[in-house]
Every structure is written in structure tokens, then in C-alpha cells.
Amino acid sequence: MDDFDPFAAPPRVPTANRPLLGLTILVVEDSRFACEAMRLLCLRSGARIRRADCLRSARRHLQVYRPSVVVADLGLPDGSGVDLIEELAQSSPRVPVILGTSGDDHVEDAAIAAGADGFLAKPVTSLATFQQAVLSRLPAEQQPSGPRALRDEVIEPDPMAFHDDMAHVADVLNAMAGDKVLDYLAQFVGGVARSAQDATLAKAAASLAASRKRGAPVATDMARIAGLVQERLEQKRAI
């Protein structure tokens with residue numbers, strides 16, 4: 001349950017090992033694999049995490065409580081995270097820290113132009129990078145006091161989360177309809193593949209995106225992605 005709890009304990013004081021104690025981070029992310037990485041980063045940092053997998057869910061969350069930080073993926077199933085960033089940047093009171101994230105680093109300028117305080121390029125696996133992205137942008141009154149050492153730890157998400165993303169892609173492929181779905185699929189598969197360091201799948205997603213950009217037929221690209229996704233689902237079943 002994400003509702004505000006009036007009986008919750010008061011915020012804890014950040015420590016050197018848990019510099020984000022007391023912060024609540026809303027992660028707007030449709031990939032289970034990317035979200036699992038963010039969960040581990042928040043856990044190691046002491047922050048409380050909330051998750052929304054689409055714009056509608058994020059807006060519903062924001063009607064109930066005000067997070068300390070919002071990390072918004074730019075490619076979501078029901079629209080662009082850029083729109084959410086712009087809404088948050090113009091809201092009053094403003095969320096203290098707004099970060100955009102994407103597997104496509106070419107969209108960083110769009111996130112910043114919409115009002116984001118910073119941008120995290122996927123995959124986000126470095127604890128030091130994550131903590132610094134948040135800490136460096138907190139208002140002065142929320143900055144931890146004293147020196148802090150950022151641990152350069154690399155997190156490894158549960159492979160089961162990658163399997164969940166592959167199952168999601170298979171569902172989308174089975175219910176394909178419309179150009180927007182094609183664009184979403186190229187973005188989603190590419191982001192997940194890069195996060196999981198799956199070069200073959202990332203190349204297939206890039207090919208689909210390029211075909212869409214040129215207005216070329218995509219049947220071959222779609223068949224390639226469908227085959228690769230099925231291979232990954234079958235690999236999991238065989239384990």
C-alpha cells in the first residue's frame with residue numbers, strides 16, 4: 001500500500017553507508033529488470049522505493065503522496081516520461097529531485113528541457129553513480145551533514161526479472177496493433193537488452209527502430225525479435 005501512514009516512524013538520519021535514509025523514491029519504470037536494479041540500489045542506499053509501471057499509475061501515486069525523488073523512464077506503455085517530468089517540474093510544491101532515465105542516451109536533452117534535474121543512462125548498476133545523482137541534486141536543507149564515502153558497488157538484478165520482461169514482450173507481440181505499439185516495443189526491448197547486456201537482442205531492437213524511422217517494412221525485424229524472445233523464454237524453462 002502506498003498511502004501515507006500517519007503512524008509511521010519519523011524519518012531516519014542518513015549515514016555514511018545509507019546516505020539516502022529518509023528519502024522515498026518513486027520509480028516510474030515498465031521494465032521489471034530495470035526496476036529490480038533500482039530496488040537494489042535503493043535498498044543499498046537506505047531509500048524507500050515505490051514503483052509505477054506507467055504514466056497513469058504514476059499520476060495516481062502522486063495524488064496520494066509526495067516522494068522525495070522521482071526517477072522516470074522516458075519510454076512508457078501509455079506515453080512519454082517527458083510529459084510526466086514536465087508536469088512535475090511545474091507543480092507546486094515541486095518534487096525535490098526529478099531524474100529522467102532511458103537506454104537511449106540521445107533523449108537526455110529532452111528530459112533536461114522538460115525540467116529534469118539530471119539523467120541516468122541505462123543500465124543503472126553503479127551504486128556510487130546512483131547515490132551521487134540523487135545527493136548532488138538534493139536541496140541544501142536535505143543534504144546529509146559531514147563527509148560521505150560513495151561505495152563503488154555494482155548491483156546485479158535477479159535474472160527472473162529479465163524473464164518477466166521477455167514474457168511481457170511475448171504478450172505484446174501476440175496482441176500487436178498500431179504503429180505506436182511498434183515504437184514502444186523497439187524502445188522497450190532495446191532498453192531491457194542493454195540493461196541485461198544482451199547484445200544480440202539489442203541489435204534486433206535497434207534494427208526495428210531503424211526500420212520504423214525509415215518507414216520500411218518491419219516483418220523481418222518483428223520475426224527476429226519474436227524468435228529471440230522465445231529462445232530466452234525457452235532457456236529459462238530448461239533451467
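The values are calculated or read from the model by the stated rules, or taken from the named source; none is laboratory data. Small disclaimer: the values here were computed from a predicted structure and weren't measured. Note: ideal-geometry Cβ built from the backbone for every residue, glycine included; neighbour counts use all protein chains shown. Ligands, DNA and RNA are stripped out before the accessible areas are found, and what is left, the full protein with its side chains, is counted by its heavy atoms. Shrake-Rupley method; radii C 1.70, N 1.55, O 1.52, S 1.80 Å.
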Checklist entry - In the range 186-215, how many residues are open to solvent by 30 Å² or more (accessible area, probe 1.4 Å) and either part of a loop (DSSP other than H, G, I, E, B) or among the hydroxyl-bearing types (Ser, Thr, Tyr) (or both)? => result 5
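With LEU84, LEU76, LEU43 as the choices, which residue is free of Cβ contacts under 8 Å to residues at least 24 places away in the same chain and aliphatic (A, V, I, L, M)? Steps first, answer last, please.
On the way: LEU84 fails: free of Cβ contacts under 8 Å to residues at least 24 places away in the same chain; LEU76 fails: free of Cβ contacts under 8 Å to residues at least 24 places away in the same chain.
Matching residue, one of LEU84, LEU76, LEU43: LEU43.
Which members of the range 62-75 meet the condition of being open to solvent by 10 Å² or more (accessible area, probe 1.4 Å) and within 26 Å of ASP183 (Cα to Cα)?
Those that are open to solvent by 10 Å² or more (accessible area, probe 1.4 Å) and within 26 Å of ASP183 (Cα to Cα): LEU74, GLY75.
Hey, among ARG44, ARG48, which residue is closer than 15 Å to ILE155 by Cα and touching a Leu at 6+ places or on another chain (Cβ under 9 Å)? Before the answer, list the steps.
Values: ARG48 fails: closer than 15 Å to ILE155 by Cα.
Of ARG44, ARG48, the one residue that is closer than 15 Å to ILE155 by Cα and touching a Leu at 6+ places or on another chain (Cβ under 9 Å) is ARG44.
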Next on the checklist: Cβ-Cβ distance below 6 Å, separation of 6 or more or different chains: which pairs start in the range 58-73 with a residue that is hydroxyl-bearing (Ser, Thr, Tyr) and end on one that is loosely packed, with under 13 Cβ neighbours inside 10 Å?
Outcome noted: TYR65/PHE4
Checklist entry - Out of (1) at pLDDT 95 or above; (2) among the small types (Gly, Ala, Ser); (3) in contact with a helix residue (DSSP H, G or I) (Cβ under 8 Å, 6 or more places away or on another chain), the odd one out for GLY190 is which? => result (1)
Next on the checklist: Taking the criterion of being without any contact (Cβ under 8 Å) to a residue 24 or more places away in the chain and either in a strand (DSSP E or B) or more than 20 Å from GLY190 (Cβ to Cβ) (or both), would at least one residue in the range 92-104 satisfy it?
Outcome noted: yes
Checklist entry - Can you spot a residue in the range 25-36 that is under 22 Å from LYS122 (Cα atoms) and over 12 Å from the mean Cα position of the chain (by Cα)? => result no
Checklist entry - Pick from the range 15-53 the residues that are open to solvent by 20 Å² or more (accessible area, probe 1.4 Å) and of a type in the set (Gly, Ala, Ser): which of them is nearest to GLY190 (Cα to Cα)? => result GLY22
Checklist outcome for this item: Reported set for the range 155-185 where residues are under 10 Å from ARG232 (Cβ atoms), open to solvent by 20 Å² or more (accessible area, probe 1.4 Å) and under 15 Å from the mean Cα position of the chain (by Cα) is PHE162
Checklist entry - Among the residues of the range 133-146, is there at least one that is assigned to a strand (DSSP E or B) and buried (at least 18 other Cβ atoms within 10 Å of the Cβ)? => result no
